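The values are calculated or read from the model by the stated rules, or taken from the named source; none is laboratory data. Fair warning: this is a prediction, and the values are worked out from it, not measured in the lab. Note: ideal-geometry Cβ built from the backbone for every residue, glycine included; neighbour counts use all protein chains shown.
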Amino acid sequence: MSKINIEGHSGLHREEYERIVFPRGNYAAVEIAGDYNVIVINAGSRFDGKFVVSGDYNKITIHNDVNFNNGILIGADADASVGVGNHIKCLGKTFITRDPNQYNDHTNYALQINGHYTHWEGSGMNTKVVMQTVASKIAMACVIGKKASDGASLDDSPTQWCILEKTQFMVLYDGSNHGTSKYLLYVNGDAGSDIACGHLITNNWFGSLGEYDASVNTGQDTTAGGGGVIIDGATTRFVENHVQPVYTGGTNLYLNGRRVITLFNQLAHGSSFGADIHGDNNIFAGNLIYWNDGKSTSTKPINIGSGSDRSVIAGNRGGNTSSITDNSTNSSVGNNELGAL
Amino acid sequence: MADNFINKGANHAMPYNSVTYNGGTVPTGAGYHLVKRGSYGSITFATDKCIVDFDGGCSFSNIRITGDQVVLNFGPKTELSADSAYGTLGIEGDRNYVYFGPKSTITDTGSSNGRGSPSLQGHGIIISGSYNTVEGANWTVRATGPSGALAAYNSGGSAEHNTFKTMEARTVSNKGAYAVASAAFLSAPHTTLYNVGTWFGAPGSHYMHQWLKIGPIAGDGSPSNSNGNGYGSRILYCYGDLSGNNPDGSASTLSSGSSGNNSFSVTNYGGPQVQMIGTYCDTGGQNGGFIMQSSYAHNSNMFGNISDSASNMQIGTTCTANANIIDNPDNTNGTQTNNVAHSGNMTALTND
């Protein structure tokens, strides 16, 4: 009689069309290289090595209280056609992070999504993707797009058609050093931020739950340079998300891709812009940019750069100052209510 | 013991009531069942509360759900292919949920409906009950139908509150006819189309009437609920792309038809109080814009959409269109604020 499950283990899995169950336990590095599997990770599992999905079209369900202590890579570092079409779904408390002792000297990620059509589905704020700062190093909670902003050049085949939803992303101050820079999410596109990427990023929380404060304590959002969320990938829908204070580090939401639709988000407004829009044909509407009194009151909630052409910035509520900086051309900027909330 | 690991004892078994292997009969009674990879033919789920997990690689002809609260959790690379009077996947009951794993296909191999002669046949996935949801893993899940790849419709007008989420929908080359072919039909009231993609123009001599249509499935005389089909429906965060950069990797031409066709639209007896929000329509320069203008499509709203098309935005006198980027408004009806007309100069689409 054949069996219904294959037992998951550390190391390489090349099975196809199988049902693979990881029983509760501790695992070293794992690579899912096969295709079309139904994979279940049981509650209480711990992965101390990197969890890599290089196979295609797998459905991976992560049950309650599972830790990934050395990050998750979906795909391959430099090829968006590897690790295609996987759906990873978290059902309960899930924690994805990296060991700071194993950071490289440049850019470090907890969750790398590089394969086309990846669907990352958290369980809400119980799914946390967290990086901690390290002196002289860059920390990013999540990156979408091969050849992420680690100094490598981008080409004309960016990662496309992904869904990122229902997850909390944080880069936290370790109590001694804020690191070189940080991003909560970096979405890469092609070199010109032009080619349609088609991602849907929705119902996520970016940043810690800490309140805005003049001081930064261990475990709060770091003040390292960089910013909250940057979107270089074009034709991306960024909707119904929440971006918390990012202190002095930079802009909370930086929109460089073309044709990005940004609707119905709540954005905190740190010492830099709440939203900084530079791509052409952007729609930024129905968002709330709120201000906390803990920081300087001179920065405007929304900035529209001169590189943006034919964009819409309308129907937003922006805190703090009573105007928007608009250097764009042929845009419609109106029906925004501004000033102290 | 069947329900254990290879070379292990009887532990970690999932709590299934039954396990079915290739060549067996898929259980359709109430309970929690597992079906392994195999080929299983045509199945009707008529009993309430039947819950089935499927492994990857299962194939079927058609599947019909007439019970309520049935949950079908299909694995990767599931294949449904049929020419069935009930649709390839037909859901006639209420409160059912169907999930398709990555790279699954649901294909109707038959013919489209005749105009004025609506039926469940000819659709990849058709829902005629209420409160049902069909969800794909991502856009690698493909529904295909010569009438509609996706449809919510009931001849008695009783179907409502159904949802299609996250999959690709496409019509078929050289099939279809005026008013009866669309990637998706929202004919039953309060239907939600969420993150559905469509990037095949069904080239050929026949019509693809619309891309995503809020309206009847076979033209006048085929209402779900009299005139005003699909009232209260929503098209949310959907994506149409016929340009060379679509997921197929090549441009696709729309089938022949008048400029009033091939739109993301509410037309031809489509219902009132509908919304289209955060949706892309990239025709690759072909005709096919945003339309919410029929005598029945009143009190509707378009918000935050982008279209490249030279076929312009049309809305009715009681509609609103806000914060959209379109080629040009076609009329001054209703309330139109903060829309940007790129006037054919949508520079950002050069490489799109």
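Yes or no: A:Ile32 at pLDDT below 95, buried (at least 21 other Cβ atoms within 10 Å of the Cβ) and out of contact with any Cys (no Cβ under 9 Å at 6 or more places or on another chain)? It is false that A:Ile32 is at pLDDT below 95, buried (at least 21 other Cβ atoms within 10 Å of the Cβ) and out of contact with any Cys (no Cβ under 9 Å at 6 or more places or on another chain).
Number of residues in segment A:47-95 that are hydroxyl-bearing (Ser, Thr, Tyr), in a strand (DSSP E or B) and surrounded by fewer than 21 Cβ atoms within 10 Å (Cβ to Cβ) equals 1.
In summary, A:Lys137 fulfils each of the numbered conditions (1) within 14 Å of chain B (Cβ to nearest Cβ); (2) touching a strand residue (DSSP E or B) at 6+ places or on another chain (Cβ under 7 Å) with the single exception of condition (1). Could you check, for segment A:185-207, whether at least one of its residues is more than 14 Å from every other protein chain (Cβ to nearest Cβ), surrounded by fewer than 22 Cβ atoms within 10 Å (Cβ to Cβ) and either modelled with pLDDT under 90 or part of a strand (DSSP E or B) (or both)? Within segment A:185-207 (the criterion being more than 14 Å from every other protein chain (Cβ to nearest Cβ), surrounded by fewer than 22 Cβ atoms within 10 Å (Cβ to Cβ) and either modelled with pLDDT under 90 or part of a strand (DSSP E or B) (or both)), the answer is no, since none of the residues qualifies. Across segment B:278-303, the number of residues qualifying as under 21 Å from the mean Cα position of the chain (by Cα) and either surrounded by 21 or more Cβ atoms within 10 Å (Cβ to Cβ) or not in a strand (DSSP E or B) (or both) comes to 15. A:Tyr57 falls short of the stated requirement of being of a type in the set (Phe, Trp, Tyr), under 21 Å from A:Lys146 (Cα atoms) and away from chain B (no Cβ under 12 Å). Taking the condition under 23 Å from B:Tyr99 (Cβ atoms) and more than 24 Å from the chain's Cα centre (by Cα), does A:Val21 pass? Yes. Of all residues in segment A:242-267, exactly one satisfies the criterion of being within 12 Å of chain B (Cβ to nearest Cβ), within 16 Å of the chain's Cα centre (by Cα) and aliphatic (A, V, I, L, M), namely A:Val260. Scanning segment A:211-225 for residues that are farther than 11 Å from A:Met170 by Cα and assigned to a loop (DSSP other than H, G, I, E, B) turns up A:Glu211, A:Tyr212, A:Asp213, A:Ala214, A:Ser215, A:Val216, A:Asn217, A:Thr218, A:Thr223, A:Ala224.
Filtering segment A:94-134 to residues that are in contact with a Ser or Thr (Cβ under 9 Å, 6 or more places away or on another chain), under 28 Å from A:Asp56 (Cβ atoms) and of a type in the set (D, E, K, R) leaves A:Glu121, A:Lys128.
Beta carbons closer than 7 Å, at least 6 apart along the sequence or on distinct chains, pair a first residue in segment A:194-212 that is under 24 Å from A:His269 (Cβ atoms) with a second that is among the β-branched types (Val, Ile, Thr) and assigned to a loop (DSSP other than H, G, I, E, B) for A:Ile201/A:Thr236; A:Asn204/A:Thr167; A:Gly207/A:Val246. Criterion applied to A:Thr118, A:Thr127, A:Thr97 was being at pLDDT 95 or above, farther than 26 Å from A:Gly198 by Cβ and hydroxyl-bearing (Ser, Thr, Tyr), and the one residue passing it is A:Thr97.
If you check B:Asn287 against the conditions, is it more than 28 Å from B:Ser252 (Cα to Cα) and among the polar types (S, T, N, Q)? So B:Asn287 fails the test. Residues in segment A:297-341 that are within 14 Å of chain B (Cβ to nearest Cβ), in a loop (DSSP other than H, G, I, E, B) and β-branched (Val, Ile, Thr): A:Ile324 alone. Considered as a group, the residues in segment A:1-24 that are within 21 Å of A:Asp65 (Cα to Cα) and surrounded by fewer than 16 Cβ atoms within 10 Å (Cβ to Cβ) include one that is nearest to the other protein chains (Cβ to nearest Cβ), and that residue is A:Arg24.
Scanning segment B:139-150 for residues that are polar (S, T, N, Q) and assigned to a loop (DSSP other than H, G, I, E, B) yields B:Thr140, B:Ser147. Looking at segment A:216-227, is at least one residue crowded, with 24+ Cβ neighbours inside 10 Å, more than 13 Å from every other protein chain (Cβ to nearest Cβ) and among the aliphatic types (A, V, I, L, M)? Scanning segment A:216-227, I find at least one residue that is crowded, with 24+ Cβ neighbours inside 10 Å, more than 13 Å from every other protein chain (Cβ to nearest Cβ) and among the aliphatic types (A, V, I, L, M), so the answer is yes. Within segment B:20-34, track down each residue that is of a type in the set (S, T, N, Q) and surrounded by 17 or more Cβ atoms within 10 Å (Cβ to Cβ). The answer is B:Thr20, B:Thr28. For segment B:151-180, name all the residues that are closer than 12 Å to B:Gly124 by Cβ and part of a loop (DSSP other than H, G, I, E, B). Hits for segment B:151-180 are B:Met167, B:Thr171, B:Val172. Look at segment B:24-53: where a residue is of a type in the set (A, V, I, L, M) and a partner is exposed (fewer than 15 other Cβ atoms within 10 Å of the Cβ) and part of a strand (DSSP E or B), sitting 6+ places away or on another chain with Cβ atoms under 8 Å, you get B:Ile51/B:Gly31. Annotation: A:Trp120 fulfils all but one of (1) within 14 Å of chain B (Cβ to nearest Cβ); (2) in a loop (DSSP other than H, G, I, E, B); the unmet one is (2). Candidates A:Gly286, A:Gly305: the one that is surrounded by fewer than 21 Cβ atoms within 10 Å (Cβ to Cβ) and either hydroxyl-bearing (Ser, Thr, Tyr) or more than 20 Å from the chain's Cα centre (by Cα) (or both) is A:Gly305. Here B:Leu212 fulfils each of the conditions (1) part of a loop (DSSP other than H, G, I, E, B); (2) surrounded by 24 or more Cβ atoms within 10 Å (Cβ to Cβ) apart from (1).
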